[in-house]
């Protein structure tokens, strides 16, 4: 299965471990990702609130360039996924916005007819790849590993159609296919603080604490996520959460593609595991390495 | 002999005369071909108005009647009867609607008068071609089928039986009683549900005029008003109803489990034994157990492993070889009283039902409160301890465009009832999370007032979420309800030990199937559509099929019982007539033209057109046909005609409408 790939900025920088794990597991899953040439910023959620048309135009440039391949456009980043989809929605459902975006594209020698389907890599893995194909390649026994599946807010809301907006379960199924156990994680779609970490740090840290607290209470060895911003907030800021709230969290926060890689027997180096802020240790390390 | 048409123009007070120039219209009608007489009157529908046309017919002045007044829906029947009293076939009368289609919808002016003229010209041309039709009568079978043995069906069946009429009561469950049998108390009087219901259940079981068929489902309904043929499938009970005396020895020893126990008291939704052979509840009617074949160790997968109940039964009533049985019978009328089901809240993931312990539905709480329920009537958490704070979440699945837009009507009241029961049995704090309190019935508002003094906390706001994620020490180990308190204007987090979801009422999943079989329609809300929302709430569009209870819309017990009695009274009025007139304006197949394509068979909304295999043509059952004309329009060979609405009659009307082009003074089409 071949897709046009839109990496987004995060996976080229703070989330490069996400990209490394995607590069490692994609061939095993039969997913071929051809990167969109000359892609640019998705439009970014924050910028969209400031200058809407500019943001849509930037975003649509990517869609316009992707259209000629007649393939789904796949992104690993929840924010890119949301913004590109939002652009599609405004382009297709609001004639006024469509003509404005169209004019902007025209100035750059481009045109778009609104037909690129934007998909998150989780959607592609759980819906396009045969689950048996995945389970048959599992080489590490993860049955003792308890995982808190964390979806974040952007992948299912507003309703994107491939999973339940309140209680998504597609990643739960995938985790169980890999042989691990999911805990009943009540914070599946709650806010990680997002970019508030840069402006209202205390509030964002409090939100992260709630996410980490429930994972710990439910006995999870790790949190698995699919969004670069969620991962960074929960992982890199975990020490700050601990010092502010006098907690003692040591919960690794890994990407779903990293967990796939672990189950499929890839080495930690191939999956960028060493770049994690909170390192895999203790029981989780024993489960992963002992198997 | 030439046709002599009488035209009667109604003023309808000022309803018509205020906009239409009556004198001008009278003058116009006099000039129309074949019209021998034109009269106008203030109110044609009044007795003197009717007498006017009746006398002219009697005197032999006219042989066709046109009344230009209101919609045929209002008074077609009135004038048909007047025509008939005068000695003329009632189908030689026709109506021109110059009120709803003219004076009421247009402004004052010459155009309005012109339109009235057009409509009258059309009616006169049509009247010229009318033909006498003969109404037919069919006898009414005095036996009635009641579908559903809840309180609605019980009431309807008893009313009819007490009047000396035969009733067949069909219930899908092993016992009659329906939802009411699962309730502990009823609002607002707090009287014991079983105490008021069970005497009626017993009466049904013993009544010589009621044939009770439990654990049975409607397979097929054929025929028409007065003469329905019904096929019912009696599901295998594996217990001989004649031999069994309901002693209970069988379930005492049964090792099978019908209702699984997961160490959680709320799993046991059953009021009766949880074994594979079971009585639905102790007061069941008939008091005969039934074997659940899915879990019975003998019947399951034909393993033949156990057989204990057969050994225990002293009367040899257990029969593992029993099979489903089809029973056919005839009835004259049908009352659908098949009830409702409660909304399944597991689809609202935010409320944590099915995921969080101690989030339970209203019905589960109802059963918990029953002395014969899972906890012996005690209000308990899943771990058996007494809750210290309980929240009741209103409008779960109701008044919510994602699920059901309608109000379920009973939830506010049963939620209030729960508050009272909780206060009576425990020391728990009670929170009511409501959108609006709807206490509309007799004594309901008073009950609400009483609860306001019983220290119940009312929080106005729709609950956003029920979560187990504690944010502080007070919330540890609790269920937390997050809600916007719209009176306080802030978001609150309220820690609780138990959350009761006041689930709404919805159409039973099998209702559509029952409705299809009885040839009635369900609306977008899933409930059966009544004949008229105000003036025909008990009847349906299909003659001889009536409604009672929550199959029509969510209802409380008093309204259900009232509707059930209304339905049985409507049936009694049918039965007392002994025969029923059938509409003469039906469709007719010209057998020479019919190609036998059967298109009309599928088009007919009343299932009135059937295929005659021998002749190879379609045939209209006149008793079922409503004369709607769908088949007429659909027939590719033009083989079907509608009596009273023949093509030539309709074309004549159209010509009449266009004849106005010659005399119109204003707004002549340009070019």
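What follows is calculated from the coordinates using simple rules that are stated; it is not laboratory data. Since the structure is predicted, the reported quantities are computational estimates derived from the model, not experimental observations. Note that each Cβ is placed from the backbone with ideal geometry, even for glycine, and that neighbours are counted across all protein chains shown.
Cα centroids of region A:11-59 and region A:170-201: 20 Å apart. Averaged over the residues of peptide B:349-356, the number of Cβ atoms from other protein chains lying within 10 Å of each residue's Cβ is 3. Each DSSP beta bridge with both residues in the protein assembly as shown is either parallel or antiparallel, and the antiparallel ones are about 45%. Were the residues from residue B:241 through residue B:229 laid out at 0.36 nm apart, the gain over their Cα-Cα distance would be 1.8 nm. Kirkwood hydrodynamic radius computed over region A:133-290 comes to 15.8 Å, based on all pairs of distinct alpha carbons. Do the sum for chain A: with -39,500 (n - 2.57) for every DSSP H run of n ≥ 4, divided by all residues, what is the mean residue ellipticity at 222 nm, to the nearest 500 deg cm²/dmol? Taken over chain A, the calculation gives -14500 deg cm²/dmol.
Rg to Rh ratio, region B:1-154, alpha-carbon atoms and Kirkwood radius?
The Rg/Rh ratio comes out at 1.13.
Divide the volume of the convex hull around the Cα atoms of region B:236-323 by the residue count and you get 94 Å³ per residue. Average 1/r across all pairs of distinct alpha carbons in region B:150-276, invert it, and you get the Kirkwood radius: 17.1 Å. Just to be sure I understand: of the beta bridges DSSP finds with both ends in chain B, what percent are antiparallel, rounded to 5? Here the share of antiparallel DSSP bridges comes out near 50 percent.
Return the ratio Rg/(2.2 N^0.38 Å) for region A:78-202, where Rg is computed over Cα atoms only.
Ratio of Cα Rg to 2.2 N^0.38 Å: 1.36.
Give me the tail of P(r) for region B:481-545 as a percent: Cα-Cα pairs with distance above 15 Å. Considering region B:481-545, 67 percent of its Cα-Cα pairs are separated by more than 15 Å.
With the alpha-carbon atoms of chain A aligned to their principal axes, the span from lowest to highest coordinate is 57, 44, 31 Å, starting with the largest.
Shape index of region A:1-145: Rg/Rh, with Rg the Cα radius of gyration and Rh the Kirkwood radius from the inverse mean 1/r over Cα pairs, equals 1.04. Calculated mean residue ellipticity at 222 nm for chain B: -8000 deg cm²/dmol, from DSSP H runs with n ≥ 4 weighted as -39500 (n - 2.57), summed, divided by the residue count and rounded to 500. Separation of region B:509-560 from region A:235-291 is 60 Å, based on Cα centroids.
Judged by the gyration tensor of its Cα atoms, with axes a ≥ b ≥ c, region B:515-671 is oblate; a/c meets the 1.5 cut and b/c is at least as large as a/b.
With viscosity 0.890 mPa s and temperature 25 °C, the Kirkwood radius over alpha carbon pairs of chain B converts through Stokes-Einstein to a diffusion coefficient of 83 µm²/s. Cα-based radius of gyration for region B:310-382, normalised by 2.2 N^0.38 Å, reads 1.84.
Between the helical axis of B:110-128 and the longest alpha-carbon principal axis of chain B there is an angle of about 90 degrees.
Modelled label positions at residue B:104 and residue B:458, each set 7 Å beyond Cα in the direction of Cβ, lie 4.1 nm from each other.
Between region B:582-651 and region B:3-19, the C-alpha centres lie 35 angstrom from each other.
Each eigenvalue of the Cα gyration tensor of region B:587-643, multiplied by 5 and square-rooted, gives one semi-axis; in descending order these are 15, 12, 10 Å.
Its Cα gyration tensor gives region B:212-360 an equivalent ellipsoid, and the semi-axes of that ellipsoid, as √(5λ) in whole Å with the largest first, are 30, 27, 13.
Taking 37 °C and 0.692 mPa s as the conditions, I'd like the Stokes-Einstein D for the protein assembly as shown in µm²/s, using the Kirkwood hydrodynamic radius from alpha carbon pairs.
This corresponds to a translational diffusion coefficient of 95 µm²/s.
The coefficient of translational diffusion for region B:4-89, derived via Stokes-Einstein from the alpha carbon Kirkwood radius under 25 °C and 0.890 mPa s, stands at 191 µm²/s.
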